[in-house]
Amino acid sequence: MPAPTDRRYWLMKSEPESFGFDDLWNAPDRTTGWDGVRNYQARNFMRDDMHVGDGVLFYHSSGTPTGVAGIAEVARAAYPDPTAFDPRDPHYDAKSRPDAPTWLMVDVRAVEKLPQFVTLDALRAEPGLAEMQALRRGNRLSITPVTAAEWKLVRKLGGLR
DNA sequence: GCCAACGTTGGC
DNA sequence: GCCAACGTTGGC
């Protein structure tokens, strides 16, 4: 674990129809590999800024409702995403090679269930979250940084202290 | 280096 | 299903 002051926070999006927070909670070791990221900004966050122990807001996108469903953490730092090497995989990318991987992934572990699901409406209604990157208009990044203040507020909205 | 076309994301 | 927003691609 990094020192508390080094800990960073993230919001990571997943579509609950394919993999939701409950799926993570029920997974072996409550952990899964976050594969399939094919966006350079998101990759760079994983490669350059994510550390084991960082906090993760597990966000359900395209769900009913959308919002933060649970608390997770980074369980393994960035490593090559093998789905990019498999021609049969929907996330296959010929330009990513095992000797020079383009795409990376991290492992994420569920840590706490939220007593209350934090809907997108609830996030938008909170003045302290007005600047949160994931809420900015037109944002499509699947991984975005969250400040320590935003992290605390979202936890509080979810019924945690 | 510009920029139009295209594909994808994600809220509604 | 629609569509705004945005990243990527590729012709020039």
A:ARG30 versus (1) under 24 Å from A:LYS152 (Cβ atoms); (2) within 16 Å of DNA strand C (Cβ to nearest atom); (3) over 14 Å from the mean Cα position of the chain (by Cα): which is the lone unmet condition?
(2)
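Output the strands (runs of 3 or more DSSP E) that fall wholly within the range A:66-153 and possess 1 or more residues being more than 16 Å from DNA strand C (Cβ to nearest atom), modelled with pLDDT of 95 or more and within 18 Å of A:GLY20 (Cβ to Cβ), or say none.
It comes to A:67-80, A:104-119.
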Search result, residues across the range A:70-117 that are among the polar types (S, T, N, Q) and more than 22 Å from A:MET12 (Cα to Cα):
A:SER96
Condition check: surrounded by fewer than 21 Cβ atoms within 10 Å (Cβ to Cβ), at positive phi and not basic (Lys, Arg). Does A:SER62 satisfy that?
yes
Matching residues in the range A:117-161 - criterion: being more than 20 Å from A:ASP6 (Cβ to Cβ), of a type in the set (Lys, Arg) and away from DNA strand B (no atom under 12 Å from the Cβ):
A:LYS156, A:ARG161
Among the residues of the range A:140-150, count how many are crowded, with 20+ Cβ neighbours inside 10 Å, within 14 Å of the chain's Cα centre (by Cα) and not hydroxyl-bearing (Ser, Thr, Tyr).
2
Conditions (1) part of a strand (DSSP E or B); (2) within 12 Å of DNA strand B (Cβ to nearest atom) -> A:GLY63 fails only (1)
Would you call A:GLY53 of a type outside the set (Phe, Trp, Tyr), away from DNA strand C (no atom under 16 Å from the Cβ) and either over 26 Å from A:ARG124 (Cα atoms) or free of Cβ contacts under 8 Å to residues at least 24 places away in the same chain (or both)?
yes
So, first residue closer than 20 Å to A:THR66 by Cα and small (Gly, Ala, Ser) in the range A:15-39, second residue modelled with pLDDT of 95 or more and crowded, with 16+ Cβ neighbours inside 10 Å, Cβ within less than 8 Å, six or more apart or across chains; the pairs are A:GLY20/A:SER14; A:GLY20/A:HIS60; A:GLY20/A:ALA69
Report, by residue number, each residue of the range A:6-56 that is among the charged types (D, E, K, R), within 16 Å of DNA strand B (Cβ to nearest atom) and either outside any helix (DSSP H, G or I) or farther than 20 Å from A:PRO82 by Cα (or both).
A:LYS13, A:GLU15, A:GLU17, A:ASP35, A:ARG38
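The values are calculated or read from the model by the stated rules, or taken from the named source; none is laboratory data. Quick caveat, the model's predicted, so the values are computed rather than measured. With ideal geometry, Cβ positions are generated from the backbone for all residues, glycine too; neighbour counts draw on all protein chains shown.
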